Amino acid sequence: MLAWKNPLLLLSGVGISFLGNWIYLIAINLLILDLTGSPAAVAGLYVLKPIAVLLMNVWSGSVVDRVNERKLMVMVDILRGALVFCIPLLSSLWGIYGLILIIHMIGAFFGPASSVYITKLVPQTKRKRFNSFLGMTNSGAFLIGPGLAGVLIMMVGTELCIIINGITFLICAFLIFLLPDDLDQTGKVREPMSWKGIRKDWQALRTFAEKAPFFITVYLLFQGAMMVGFALDSQEVTYIKQHLQLSDQKYGLIVSITAVGSLAGGSVAAILANKLSTRMYLSGGILLSSVGYVFFYSSYNMLTATVAFIFLGFFMAFANTGYTTYFQNTVPVNLMGRFGSVANMVQGVIQILLTTLLGLFAQWFTLQVVCLILAGAGAILALFLLFKVFIPSERNDFSQQNVSF
């Protein structure tokens, strides 16, 4: 149990942050929809993060690989918490957009930094189980957060939900502060930041990509299917409220009940961590998750929408665990921050394109038909990934650990 002390502390901090994020997500979606009544305005929220990624991730990964990851995560969470407190003070849509964009720009450092820190903190043999627990933590927040948000919205409105998110960022920062300061045992001196160093970083990433073509293919197929799902998420609240004609409270209830599927999926993924292969988690999880999106946008009432979401959440837990473990075991730790930043930038481009097009087509055509077409495209990408990772000649490549660099 002592060996799990620090991982559990990290899980606690991130879990509290997850809880705040789910409460915030429900609140900010309803705030923008109530403010504008426009599906496109809600979709705009989902474009802000990838825009921030494009602005920051050309160089943020180089920062992550050169600084103390724990201190960087603490600073990022403190800044995000302080800025989130300011959102309820704004009444302009563009003012809210601008502040959220800044928050996302600061947050662009957290993902790559946490990925590097987790890889250093958790031994390779325990990563799949840790990632499963991390998924369970997210699912637990998913289970509690929306329902709690629904209660808070009914009692005091959306502003308090947003303020709670700021508080959870600060709590997460404190718990991360309690973790070991620097886990780099190589004694290697960190290089200072420079434009010449950033150019060298991009060359290093190119060399890595040339040495790991199978990993790059798996990454592109997996993230393609995931980006389709993220784009579809931008129309979730609009579909439930305007197509299914459900209230804000029922929307929160559906999302909360749906978290049961995610929590169950994370629990099963943790139990089976040493019995099922990473490739099964990754490819099977994303395929069935994509099918879940098709089921959801085929739903016609609250019951069918809830069942579809439970199905989707259950298998998304496997997909996330599989991909995260594969990423940690394949990308060299000294390149992980840079690759994670560039990967997020590629995802940002795809997400901006898909979310914008989906928002526009949802305005021009029937929302359900447009979403079903996109969900079907995501399922096809996931099916290609399943074939790719289970081709016999590719198996050894998939099981390869830590591409030499």
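The values are calculated or read from the model by the stated rules, or taken from the named source; none is laboratory data. The structure presented is a predicted model; accordingly, all values stated were derived computationally and were not measured. All Cβ positions, even for glycine, are placed from backbone atoms using ideal geometry, and neighbour counts span all protein chains on display.
Some points to look at:
- Considered as a group, the residues in the range 148-181 that are under 25 Å from MET316 (Cα atoms) and surrounded by 21 or more Cβ atoms within 10 Å (Cβ to Cβ) include one that is modelled with the lowest pLDDT, and that residue is GLY150.
- Residue list for the range 14-69, filter: in contact with a Gly (Cβ under 7 Å, 6 or more places away or on another chain), modelled with pLDDT under 75 and within 23 Å of LEU367 (Cα to Cα): PRO39, ALA40, ALA43, PRO50
- Selected residue (only one of ARG70, ARG66, ARG80 is over 29 Å from VAL42 (Cβ atoms), in contact with a Phe, Trp or Tyr (Cβ under 7 Å, 6 or more places away or on another chain) and either surrounded by 23 or more Cβ atoms within 10 Å (Cβ to Cβ) or not hydroxyl-bearing (Ser, Thr, Tyr) (or both)): ARG70
- Residue match in the range 255-270 (condition: modelled with pLDDT of 75 or more, within 19 Å of LEU385 (Cα to Cα) and part of a helix (DSSP H, G or I)): no
- Some residue of the range 93-103 being touching a helix residue (DSSP H, G or I) at 6+ places or on another chain (Cβ under 7 Å), within 22 Å of SER267 (Cα to Cα), surrounded by fewer than 19 Cβ atoms within 10 Å (Cβ to Cβ) and of a type outside the set (A, V, I, L, M): no
- Filter pass, THR324 being assigned to a helix (DSSP H, G or I) and modelled with pLDDT of 85 or more: no
- Looking at ASP201, ASP184, just one residue is modelled with pLDDT under 70, of a type in the set (D, E, K, R) and either in contact with a strand residue (DSSP E or B) (Cβ under 9 Å, 6 or more places away or on another chain) or buried (at least 18 other Cβ atoms within 10 Å of the Cβ) (or both), and that residue is ASP201.
- Residues in the range 368-399 that are more than 30 Å from LEU55 (Cβ to Cβ), in a helix (DSSP H, G or I) and either at pLDDT 75 or above or not polar (S, T, N, Q) (or both): 19 in all.
- Of the residues making up the range 242-269, those that are closer than 16 Å to ALA317 by Cβ and either crowded, with 20+ Cβ neighbours inside 10 Å or touching a Cys at 6+ places or on another chain (Cβ under 6 Å) (or both) are VAL255, THR258, ALA259, GLY261, SER262, LEU263, GLY265, GLY266, ALA269.
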